């Protein structure tokens, strides 16, 4: 590991804030002001001011017991984005680009964040008529093929939390808005290894998506083939589902997954 020299223009308050953040992160348990002061050598009044700032920005949060502090969600959010951006996108990109060349349609890569799907990469179709989307865009999980794949392979409590906090809004006449029907639908997706958005999020757009697993077999992301329904017909879905299952295996394998991939109620 590279040893960095202390810069001449060091901002002491920033340095101390990061020192506090690192100690809280590495502690594995909530820490109080006195304990943080002792570990850092920073006066308690200064520690309290820095903790207040870090808490305001969401990098730490106050635990329920004894006014102690623990890591905030903002740190996980930034860390997740960084990992996805550096590792996941770079590893997956060649496969997504090849998939776009094979299908001629737009390919998306998405992750689940706070109950919504976030597009983190995209390879756009060169055809004149194509769907509009952009990296960073957020869409509902229950009405998209990406989201349904992510939910199908995630713990059920994630879906329950989505239902409780944001419901299942009806985007089109095809959107599944009944919780029980959606749960049954997700079970089917987990069995067959892919999901279809049959104009459920936007009329005139049809998509088919597959999962991306990490080396532990946990769902990391999902990728989809998306385009106008006039091109992505039911016949095309039948054709594309083999590609989706095949590339799900290839992409997951590149990330260290060595399990068998479900596909069409069987395995590939």
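Laboratory data are not the source of any read-out in this text; all were calculated from the coordinates shown. Keep in mind it's a predicted model, so treat the numbers as computed, not measured. In this analysis, Cβ positions are derived from the backbone assuming ideal geometry, glycine residues included, and neighbour counts consider all displayed protein chains.
If you go through segment 219-231 and keep only what is touching a residue at least 40 places away in the same chain (Cβ under 8 Å) and either in a loop (DSSP other than H, G, I, E, B) or within 15 Å of residue 88 (Cα to Cα) (or both), you end up with 219, 220, 221, 222, 223, 230, 231.
Residue 216 - would you say it is farther than 20 Å from residue 108 by Cα and surrounded by fewer than 24 Cβ atoms within 10 Å (Cβ to Cβ)? So residue 216 fits the description; yes.
Out of curiosity, is residue 125 in contact (Cβ under 8 Å) with a residue 60 or more places away in the chain and either over 16 Å from the mean Cα position of the chain (by Cα) or not in a strand (DSSP E or B) (or both)? So residue 125 fits the description; yes. Of the residues contained in segment 21-30, none is found to be in contact (Cβ under 8 Å) with a residue 24 or more places away in the chain, outside any loop (DSSP other than H, G, I, E, B) and touching a helix residue (DSSP H, G or I) at 6+ places or on another chain (Cβ under 6 Å). When residue 167 is tested against (1) part of a loop (DSSP other than H, G, I, E, B); (2) in contact (Cβ under 8 Å) with a residue 12 or more places away in the chain; (3) loosely packed, with under 14 Cβ neighbours inside 10 Å, only condition (2) is not met. Only residues that are at positive phi and over 29 Å from the mean Cα position of the chain (by Cα) were counted across segment 27-68, and they come to 3.
When you scan segment 182-193, how many residues do you find that are over 20 Å from residue 139 (Cα atoms) and part of a helix (DSSP H, G or I)? Qualifying residue count for the region: 6.
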